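Undergrad: Attaching a single structure in structure tokens format; questions to follow.
The values are calculated or read from the model by the stated rules, or taken from the named source; none is laboratory data. Just so it is clear, the structure is predicted and the values come from calculations on it, not from any experiment. Quick reminder, even Gly has a Cβ in these numbers, built from the backbone with ideal geometry, and neighbours come from all protein chains shown. What goes into the accessible areas is simple: the full protein's heavy atoms, side chains included, and nothing from ligands, DNA or RNA. Shrake-Rupley method; radii C 1.70, N 1.55, O 1.52, S 1.80 Å.
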Amino acid sequence: MSQPIHVIGGGLAGCEAAWQIARRDIPVVLHEMRPHRTTPAHQTDGLAELVCSNSLRSDDAEYNAVGLLHAELRQAGSLIMQAADECKVPAGGALAVDREGFSVRVAQKLTALPQVTVIREEVAGLPSADWGSVIIATGPLTSEPLARAIGGLTGEEQLSFFDAIAPIVHKDSIDFSKAWYQSRYDKGDGTDYINCPLSKEQYHGFIDALLEGARIAFHEWEKDTPYFEGCLPIEVMAERGRETLAFGPMKPVGLTDPNGPKPHAIIQLRQDNALGTLWNMVGFQTKLRHADQVRVFRMIPGLEGAEFARLGGMHRNTFVKGPLVLDGSLRLKASPRIRLAGQITGCEGYVESTAIGLLAGLFAAAERLERDISAPPVTTALGAILAHVTGGGMVETYQPMNVNFGLFPPAPERDERGKRVKGRDRKRLYTVRAVADYAPWLDTIRF
């Protein structure tokens, strides 16, 4: 028990893993390379910095898979969910946080545990053999030396793709004679999103400017890297068809412009900090050059005078073929003393990374305490995302995946009364089953 478990990476997954280990009275050393070595996406040296969006997505635990995952993480004592709930900002049916406050809260809670030691250093290669148990949770921006070491150990080349960052606008620079507050389908309290409408003519002018805009050139090592389909740059989506954005992040459904006729397209902004002074452009990840971002985005009605706290950008993501190289408890088959956690396993998203971090921490703690715990049932959100990264995904076409009901075993087609259900109502059958199956497993991790 005197030998610590080492966790490499101070993102969401690493902090969650360290928390789960330390809460079981096991010493843990958390290694974070910032500020000594930074990344293209991070702006601070804070633990659990949110670099893309401040949203943890839907908090609907009854009809949404990620909302169900929120609920399961809360019940399992997740550090990340505790901090998120304490730092949340209005976002309709979603859980969004004040990103700076969230990072501070995670660090405060984690470092308050006497079992936790944080060391600021880069682990530039495979962990020392005398470290014993190790969790690598270095996320989408794993340093090149460590990524190469993992690739050499597993015999598999690391797969990379681009993840994206959406611009953030100062609220006081938005023109509210054109923009208005409304959540889609009037969810939330009505002020969770700011909406900027475009007529058909304005939309097509915007698309023309978007497609003509200059883009940041790829680095040589980035040129053959595929995008993640769930996080495409808006200019790449626009290249697929002029109306693609109008049916995607700019869809006008569920919204009504109080100032004029029905818009052809709408851009939504979501609150980004607790003060409500910063708002991010939802779904507007881009690789346009900064000058062109300012020019093109100021074509949007309501944003003509927009001042940007941050412009969009893109960064590389690195992950392994989890089903090929990981066992059921997230250990590397080639070196079982090492577990992987977070996005490097091939999950996608803040909440999913947290989930895999929580499980890696639990498995490592149970191993140290010589306790047997099983994987969560695949009918639960935790079990479904774990199964995807450790065996459920197809090796040949393996790509990062958000939690979704497609990862679960099919739900019954009939409810408890024998009535056939589908659509939204069938989603509830997934969550009802998950809640029932989760409770017995939850009892096994209370050690």
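Undergrad: Just give me the residues in the range 261-283 being of a type outside the set (S, T, N, Q), open to solvent by 30 Å² or more (accessible area, probe 1.4 Å) and farther than 22 Å from Ala209 by Cβ, in sequence order.
TA: If we filter the range 261-283 for residues that are of a type outside the set (S, T, N, Q), which is where we start, we get 261-267, 269-270, 272, 274-276, 278-279, 281-283.
Checking which are open to solvent by 30 Å² or more (accessible area, probe 1.4 Å) leaves us with 261-262, 264, 274-275, 278, 282.
Once the filter is applied, which keeps residues that are of a type outside the set (S, T, N, Q), open to solvent by 30 Å² or more (accessible area, probe 1.4 Å) and farther than 22 Å from Ala209 by Cβ, the range 261-283 yields Pro261, Lys262, Ala274, Leu275, Leu278.
Undergrad: For residues that are in a loop (DSSP other than H, G, I, E, B) and open to solvent by less than 70 Å² (accessible area, probe 1.4 Å), scanning just the range 411-447, find the one that is modelled with the lowest pLDDT. Explain how you work it out, then say what you get.
TA: Narrowing the range 411-447 to residues in a loop (DSSP other than H, G, I, E, B): 411-413, 415-419, 421-423, 445-447.
Filter again for open to solvent by less than 70 Å² (accessible area, probe 1.4 Å), leaving 411-412, 415, 418, 421, 423, 445, 447.
Details: Ala411: 86, Pro412: 82, Asp415: 76, Gly418: 83, Val421: 86, Gly423: 80, Ile445: 97, Phe447: 94.
Out of the qualifying residues, it is Asp415.
Undergrad: Kindly check whether there is at least one residue in the range 220-230 that is at pLDDT 95 or above, open to solvent by less than 20 Å² (accessible area, probe 1.4 Å), more than 21 Å from the chain's Cα centre (by Cα) and not polar (S, T, N, Q). If you could, list the steps in order and put the result at the bottom.
TA: Start the filter on the range 220-230 by keeping residues that are at pLDDT 95 or above, which leaves none.
Within the range 220-230, not a single residue is at pLDDT 95 or above, open to solvent by less than 20 Å² (accessible area, probe 1.4 Å), more than 21 Å from the chain's Cα centre (by Cα) and not polar (S, T, N, Q).
Undergrad: Filter the range 284-315 down to the residues that are β-branched (Val, Ile, Thr) and in a helix (DSSP H, G or I), then identify the one that is surrounded by the fewest Cβ atoms within 10 Å (Cβ to Cβ).
TA: Keep residues of the range 284-315 that are β-branched (Val, Ile, Thr), which gives 286, 294, 296, 300.
Now restrict to residues that are in a helix (DSSP H, G or I): 294, 296.
Values: Val294: 15, Val296: 21.
Among residues in the range 284-315 that are β-branched (Val, Ile, Thr) and in a helix (DSSP H, G or I), the one surrounded by the fewest Cβ atoms within 10 Å (Cβ to Cβ) is Val294.
Undergrad: Got at least one residue in the range 67-79 being at pLDDT below 95 and within 28 Å of Ala375 (Cβ to Cβ)? Even if it seems obvious, please write down each step before you answer.
TA: Our first condition is that a residue be at pLDDT below 95; within the range 67-79, this holds for none.
No, the conditions are met nowhere in the range 67-79.
Undergrad: Then there is this: Please determine, by comparing only the residues of the range 180-201 that are closer than 18 Å to Val253 by Cβ and over 26 Å from the mean Cα position of the chain (by Cα), which one is most open to solvent (accessible area, probe 1.4 Å).
TA: Looking only at the range 180-201, we keep the residues that are closer than 18 Å to Val253 by Cβ, and these are 180-188, 190, 192-200.
Now restrict to residues that are over 26 Å from the mean Cα position of the chain (by Cα): 180, 197-200.
Details: Trp180: 18, Pro197: 15, Leu198: 3, Ser199: 42, Lys200: 113 Å².
Filtering first and then ranking leaves Lys200.
Undergrad: May I pose another question? List every residue pair whose Cβ atoms sit under 8 Å apart, with the two residues 6 or more apart in sequence or on different chains, where the first one lies in the range 246-270 and is touching a residue at least 60 places away in the same chain (Cβ under 8 Å) and at positive phi and the second, anywhere, is of a type in the set (Lys, Arg) and open to solvent by 20 Å² or more (accessible area, probe 1.4 Å).
TA: Between residues of the range 246-270 that are touching a residue at least 60 places away in the same chain (Cβ under 8 Å) and at positive phi and residues that are of a type in the set (Lys, Arg) and open to solvent by 20 Å² or more (accessible area, probe 1.4 Å), the close pairs are Gly254/Arg184.
Undergrad: Test each condition in (1) modelled with pLDDT of 95 or more; (2) in a loop (DSSP other than H, G, I, E, B); (3) farther than 18 Å from Val296 by Cα for Asp189 and report the one that comes out false.
TA: That leaves (1) as the condition not met.
Undergrad: Spot the failing condition for Asn54; the list is (1) over 27 Å from Tyr193 (Cβ atoms); (2) touching a strand residue (DSSP E or B) at 6+ places or on another chain (Cβ under 8 Å), and only one is missed.
TA: Failed condition: (1).
Undergrad: Collect the residues in the range 403-447 that are free of Cβ contacts under 8 Å to residues at least 40 places away in the same chain and of a type in the set (Lys, Arg), keeping them in residue-number order.
TA: Of everything in the range 403-447, those that are free of Cβ contacts under 8 Å to residues at least 40 places away in the same chain and of a type in the set (Lys, Arg) turn out to be Arg414, Arg417, Lys419, Arg420, Lys422, Arg426, Arg446.
Undergrad: So, one more: I'm trying to understand the selection: among the residues of the range 351-374, which are in a loop (DSSP other than H, G, I, E, B) and touching a helix residue (DSSP H, G or I) at 6+ places or on another chain (Cβ under 6 Å)? Walk me through it before giving the result.
TA: Step one: filter the range 351-374 for residues in a loop (DSSP other than H, G, I, E, B), giving 369-374.
Across the range 351-374, the qualifying residue is only Ile373.
Undergrad: Could you tell me which residue of the range 49-107 is surrounded by the fewest Cβ atoms within 10 Å (Cβ to Cβ), considering only residues that are acidic (Asp, Glu) and part of a loop (DSSP other than H, G, I, E, B)? Steps first, answer last, please.
TA: Just the residues of the range 49-107 that are acidic (Asp, Glu), to begin with: 49, 59-60, 62, 72, 85-86, 98, 100.
Within this subset, residues satisfying the condition of being part of a loop (DSSP other than H, G, I, E, B) are 49, 59-60, 62, 98.
Values: Glu49: 20, Asp59: 20, Asp60: 19, Glu62: 14, Asp98: 23.
Residue satisfying both the conditions and the ranking: Glu62.
Undergrad: Also: What is the residue count in the range 318-350 for residues that are in a strand (DSSP E or B) and without any contact (Cβ under 8 Å) to a residue 60 or more places away in the chain? Break it down into steps so the answer makes sense when it comes.
TA: Here is the first cut: in the range 318-350, the ones in a strand (DSSP E or B) are 318-319, 326, 331-332, 335-340, 347.
Going one step further and asking which of them are without any contact (Cβ under 8 Å) to a residue 60 or more places away in the chain, we end up with 331, 336, 347.
Total meeting the criteria: 3.
Undergrad: Among all residue pairs at least 6 apart or on different chains, which show Cβ distances below 6 Å where the first residue, located in the range 298-317, is closer than 19 Å to Ala179 by Cα and modelled with pLDDT of 85 or more and the second is among the acidic types (Asp, Glu) and surrounded by fewer than 18 Cβ atoms within 10 Å (Cβ to Cβ)?
TA: Arg298/Glu304; Gly302/Asp175
Undergrad: Something else now. If I filter the range 372-389 for residues that are surrounded by fewer than 24 Cβ atoms within 10 Å (Cβ to Cβ), closer than 17 Å to Arg331 by Cβ and under 19 Å from the mean Cα position of the chain (by Cα), do I get at least one hit? Steps first, answer last, please.
TA: Keep residues of the range 372-389 that are surrounded by fewer than 24 Cβ atoms within 10 Å (Cβ to Cβ), which gives 372-375, 377-379, 387.
Subset that is closer than 17 Å to Arg331 by Cβ: 372-375, 387.
Restricting the remaining residues to those that are under 19 Å from the mean Cα position of the chain (by Cα) gives 387.
Yes - at least one qualifying residue is present in the range 372-389.
Undergrad: I'm trying to understand the selection: among the residues of the range 58-70, which are under 16 Å from the mean Cα position of the chain (by Cα) and either over 27 Å from Gly423 (Cα atoms) or small (Gly, Ala, Ser) (or both)? Don't jump to the end; show me each part of the working.
TA: Filtering the range 58-70 for residues under 16 Å from the mean Cα position of the chain (by Cα) gives 58-59, 64-70.
Answer for the range 58-70, where residues must be under 16 Å from the mean Cα position of the chain (by Cα) and either over 27 Å from Gly423 (Cα atoms) or small (Gly, Ala, Ser) (or both): Ser58, Ala65, Gly67.
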